[in-house]
Amino acid sequence: MSTSSQDSHTAPVFSAEGDVNSLYRDHQPWLLNWLKGKLGCPSDAGDMSQDTFLRLLTVDLSVLREPRAYLLVIANRLMINRHRRRHLEADVLQQVAHTMESGNHKGPAEIVAARDLLHQVLIMLTEELPEKPREAFLLARTEGLSYHQIARRLDVSESSVKQYISKALVHCHARLYDDFRRNGE
């Protein structure tokens, strides 16, 4: 009995960024399997696992006593946020589809509403992207900047801007296609 109480007092204490690597090695396969069971998709589980460990980079690991419990809390929160976001996206897409199907006799208010909904969809989709691809995509699509102007603003090469925008477009297409396919469109 004293052994178990002693074990809880001698639980590993993590203190450096290098410890994220050891946490990853020790717990990522377990977390990935758990997420596969919850999400039913190995690809989504892999992404969620990576996002979970990325969150550890902003945490004071010196206070972490139960790594698996903490990983579960992070993963559960990410899944909840993902579910909420996808539900909201589906609602917005459904509203956009309804607005577009409601006939060709649209007044200015309906056109503005449809544009606002499309803007919201773009914002939601791009929130899933890393910072630079998101910024490049939004600068190109909402502000109409050229690749050269975006490259100067982001302090990257024009070829990087092309890659960022391509990545964003592929991501948005995949998300929209998945949502429409899931909804039987």
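Collect the residues in region 32-87 that are charged (D, E, K, R), touching a helix residue (DSSP H, G or I) at 6+ places or on another chain (Cβ under 7 Å) and touching a residue at least 24 places away in the same chain (Cβ under 8 Å), keeping them in residue-number order.
Of everything in region 32-87, those that are charged (D, E, K, R), touching a helix residue (DSSP H, G or I) at 6+ places or on another chain (Cβ under 7 Å) and touching a residue at least 24 places away in the same chain (Cβ under 8 Å) turn out to be LYS38, ASP51, ARG68, ARG85.
Anything in region 15-63 that is open to solvent by less than 80 Å² (accessible area, probe 1.4 Å), outside any helix (DSSP H, G or I) and small (Gly, Ala, Ser)? List them, or say none.
ALA16, GLY40
Given the structure, is LEU118 at pLDDT 70 or above and within 23 Å of ALA168 (Cβ to Cβ)?
The answer is yes for LEU118.
Every residue, every condition in (1) modelled with pLDDT of 90 or more; (2) in a helix (DSSP H, G or I), yes or no:
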| residue | (1), (2) |
| --- | --- |
| LYS162 | yes, yes |
| SER166 | no, yes |
| LEU176 | no, yes |
| GLU185 | no, no |
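Quick check on region 143-160: of everything there that is out of contact with any helix residue (DSSP H, G or I) (no Cβ under 8 Å at 6 or more places or on another chain) and part of a helix (DSSP H, G or I), which residue is modelled with the highest pLDDT?
ARG152
The values are calculated or read from the model by the stated rules, or taken from the named source; none is laboratory data. Predicted model, so just to flag it, every value in this text is computed and none were measured. Cβ sites come from the backbone with ideal geometry, for glycine too, and all protein chains shown count toward neighbours. SASA here: full protein model, heavy atoms, side chains in, ligands and nucleic acids out. Shrake-Rupley method; radii C 1.70, N 1.55, O 1.52, S 1.80 Å.
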